[in-house]
């Protein structure tokens, strides 16, 4: 059975390894459709930094092996230069206070652990950690589409509230959920 914990700086190399397994360019079209993919890859220094700063950066382990992770953080920790996060905040979440908003940067589960409920449980743990009067938003790449991620997020009561181009030039769908919603 797997367990969920807060990511630690020493987890960074394993997180990089897992994210590389899910890189768009490395997966077949069939795998991308079935389990989803990541278009943004980060180095160990970035993941290590987030592990130090964000209490809501979570990992799932199975018998000591990293099975998945959820990189999230409160809006107040967003890089001041993150135009995407700032634009979403201004355009789509104007009535929410900064401390009520959590950003989902990445959700990933290793191919060997796909479809076992790990991603769902990572989100459920996150929702349990956050105040009930808060919300989460994430961006799902739309060019190319990521139907596995869209379906997964819709099943957890996220809804698409718009789209916006990101710094990498790819269009992202903006997906939103209130923490106090059921599921």
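The values are calculated or read from the model by the stated rules, or taken from the named source; none is laboratory data. None of these values were measured; they are calculated from a predicted model. Backbone-built Cβ (ideal geometry, glycine too); neighbour counts: all protein chains shown.
Taking the listed residues 68, 81, the one that is outside any helix (DSSP H, G or I) and farther than 23 Å from residue 163 by Cα is 68, with no other qualifying. Apart from one condition, residue 20 fits all of (1) surrounded by 13 or more Cβ atoms within 10 Å (Cβ to Cβ); (2) modelled with pLDDT of 90 or more; the exception is (1). Here residue 41 meets the list (1) surrounded by 14 or more Cβ atoms within 10 Å (Cβ to Cβ); (2) assigned to a helix (DSSP H, G or I) almost entirely, failing just condition (2).
Filtered by the rule that a residue be over 18 Å from residue 76 (Cβ atoms), in a helix (DSSP H, G or I) and in contact (Cβ under 8 Å) with a residue 40 or more places away in the chain, segment 122-153 gives 122, 123, 125, 127, 147, 148, 149, 152.
Across segment 105-121, what is the total count of residues that are in contact with a helix residue (DSSP H, G or I) (Cβ under 7 Å, 6 or more places away or on another chain), over 27 Å from residue 79 (Cβ atoms) and either modelled with pLDDT of 95 or more or not in a loop (DSSP other than H, G, I, E, B) (or both)? Residues flagged as in contact with a helix residue (DSSP H, G or I) (Cβ under 7 Å, 6 or more places away or on another chain), over 27 Å from residue 79 (Cβ atoms) and either modelled with pLDDT of 95 or more or not in a loop (DSSP other than H, G, I, E, B) (or both) within segment 105-121 amount to 1. Over 19 Å from residue 153 (Cα atoms), out of contact with any strand residue (DSSP E or B) (no Cβ under 7 Å at 6 or more places or on another chain), surrounded by fewer than 18 Cβ atoms within 10 Å (Cβ to Cβ) and modelled with pLDDT of 95 or more: does that describe residue 49? Judged against the criteria, residue 49 is a match.
Is at least one residue of segment 150-169 within 23 Å of residue 53 (Cβ to Cβ), buried (at least 20 other Cβ atoms within 10 Å of the Cβ) and touching a strand residue (DSSP E or B) at 6+ places or on another chain (Cβ under 6 Å)? I'd like the intermediate steps shown before the answer.
Narrowing segment 150-169 to residues within 23 Å of residue 53 (Cβ to Cβ): 166-168.
Cutting the leftovers down to buried (at least 20 other Cβ atoms within 10 Å of the Cβ) gives us none.
No, every residue in segment 150-169 fails to be within 23 Å of residue 53 (Cβ to Cβ), buried (at least 20 other Cβ atoms within 10 Å of the Cβ) and touching a strand residue (DSSP E or B) at 6+ places or on another chain (Cβ under 6 Å).
When segment 20-36 is filtered for residues that are assigned to a loop (DSSP other than H, G, I, E, B) and farther than 18 Å from residue 116 by Cβ, the ones remaining, listed by number, are 27, 28.
Among the conditions (1) in contact (Cβ under 8 Å) with a residue 60 or more places away in the chain; (2) part of a helix (DSSP H, G or I); (3) closer than 20 Å to residue 119 by Cβ, the only one that residue 91 does not satisfy is (3).
With respect to (1) touching a residue at least 40 places away in the same chain (Cβ under 8 Å); (2) more than 12 Å from the chain's Cα centre (by Cα), the lone exception for residue 102 is condition (2).
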